[in-house]
Amino acid sequence: MDIGSSKPSLAEMKVVKHHLIDVVNPDYHFTAGDFCARASSASIEINARGRIPLVVGGTGFYINSFFDGIDEIPDIDENVKKSVAFEYDNGNAELLYEELKRVDNEFAAKVHKNDRQRIIRGISVFRDSGRSISSYFSTNKNKNYNTFFIGLYIESELLSKRIDSRVDSMMKKGFVEEVENLRSMGYDPSLKSMQSIGYAEINKYIDGFISLESAVENIKKNTKKYAKKQMTWFKKNKSVIWFRPEEIQKIPDSVKKWLN
């Protein structure tokens with residue numbers, strides 16, 4: 001899954017050593033807990049070489065899980081999750097949200113009534129374990145305060161243009177062919193990885209549900225929505241020092257100051 005994930009190129013990885021790239025196959029159920037365990041191991045190895053690890057990415061949940069700790073929620077039976085998802089997708093979304101408020105009002109208060117993923121998650125945990133998902137949330141997380149958070153801010157209009165350009169570039173690089181190749185290798189369109197932004201839209205095109213033009217436009221639209229959600233997530237972290245593109249040269253000085 002190279003093109004759709006904007007994976008660093010081989011040339012880039014020769015310049016700077018990257019970790020946690022190409023570590024699992026597309027059908028592996030990779031959780032935030034898996035990420036934290038592997039990222040911790042990589043950080044220990046990097047520190048042992050006298051270097052400082054850079055944690056880079058846009059998935060706020062994974063980054064927060066790594067630095068703030070993660071709640072130990074048990075694995076939920078796949079049949080339970082599929083059953084709840086079937087209910088949600090067949091006209092019972094509102095009923096499930098009301099059920100979530102009854103069994104776990106604390107969690108429901110943080111979840112939008114149209115948040116399919118979190119509603120299904122909350123109900124599935126309760127039905128399978130008999131406990132609310134809130135009851136698993138840890139109150140004592142091992143927050144790592146010795147971290148310098150750098151945020152790169154860009155105006156929404158310019159960001160929108162860059163997303164359009166990036167998606168067009170992905171298509172030119174052979175994104176459709178990449179998805180077709182993954183399917184020929186046996187990776188089903190229903191896999192979580194194949195339902196991520198970009199892959200989901202191309203799969204719909206391949207299956208004849210939408211045109212290629214619509215697929216491209218939907219990728220752009222959904223990427224922009226996700227970018228907005230990313231910014232909202234990271235702005236909650238008051239430790240982040242934000243830099244605009246024209247301030248990029250200030251970053252090395254800020255890092256040196258932090259190191260000293």
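The values are calculated or read from the model by the stated rules, or taken from the named source; none is laboratory data. Here the structure is a predicted model, which is why all the values come from computation and not from measurement. Every residue, glycine as well, gets a Cβ built from its backbone with ideal geometry; the counts of neighbours run over all protein chains shown.
Per-structure values
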{"item": "Long-range neighbours under 6 Å by Cβ, at least six apart or interchain, first residue without any contact (Cβ under 8 Å) to a residue 60 or more places away in the chain within segment 3-19, second hydrophobic (A, V, I, L, M, F, W, C) and surrounded by 10 or more Cβ atoms within 10 Å (Cβ to Cβ)", "result": "His19/Ala42"}
{"item": "Boolean, Leu182 is in contact (Cβ under 8 Å) with a residue 24 or more places away in the chain and either within 23 Å of the chain's Cα centre (by Cα) or not assigned by TED's automatic domain parsing to the domain that holds Asn25 (or both)", "result": "yes"}
{"item": "Hits in segment 23-39 (condition: in a helix (DSSP H, G or I) and of a type in the set (A, V, I, L, M))", "result": "Ala32, Ala37, Ala39"}
{"item": "Counted residues, segment 101-120 - those being in contact (Cβ under 8 Å) with a residue 24 or more places away in the chain and either surrounded by 16 or more Cβ atoms within 10 Å (Cβ to Cβ) or closer than 19 Å to Val80 by Cβ (or both)", "result": "6"}
{"item": "Helices (runs of 4 or more DSSP H) wholly inside segment 53-113 containing at least 3 residues that are out of contact with any Asp or Glu (no Cβ under 8 Å at 6 or more places or on another chain), modelled with pLDDT under 90 and not hydrophobic (A, V, I, L, M, F, W, C)", "result": "60-68"}
{"item": "Residue within segment 148-156 that is touching a Gly at 6+ places or on another chain (Cβ under 8 Å), in a loop (DSSP other than H, G, I, E, B), under 20 Å from Gly57 (Cα atoms) and in contact (Cβ under 8 Å) with a residue 12 or more places away in the chain present", "result": "no"}
{"item": "Flag if Pro26 is touching a residue at least 40 places away in the same chain (Cβ under 8 Å), out of contact with any strand residue (DSSP E or B) (no Cβ under 7 Å at 6 or more places or on another chain) and over 28 Å from Lys236 (Cα atoms)", "result": "yes"}
{"item": "All helices (runs of 4 or more DSSP H) inside segment 189-260 with 2 or more residues being assigned by TED's automatic domain parsing to the domain that holds Leu152 and surrounded by fewer than 12 Cβ atoms within 10 Å (Cβ to Cβ)", "result": "212-235, 250-259"}
{"item": "Residue within segment 185-196 that is over 23 Å from the mean Cα position of the chain (by Cα) and under 28 Å from Tyr28 (Cβ atoms) present", "result": "yes"}
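Listed here are the residues, each with its yes/no results for (1) more than 20 Å from Ser190 (Cβ to Cβ); (2) under 20 Å from the mean Cα position of the chain (by Cα).
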| residue | (1), (2) |
| --- | --- |
| Ile3 | yes, yes |
| Leu10 | yes, no |
| Val16 | yes, no |
| Asp22 | yes, yes |
| Tyr28 | no, yes |
| Asp34 | yes, yes |
| Ala39 | yes, yes |
| Ala42 | yes, yes |
| Ile46 | yes, no |
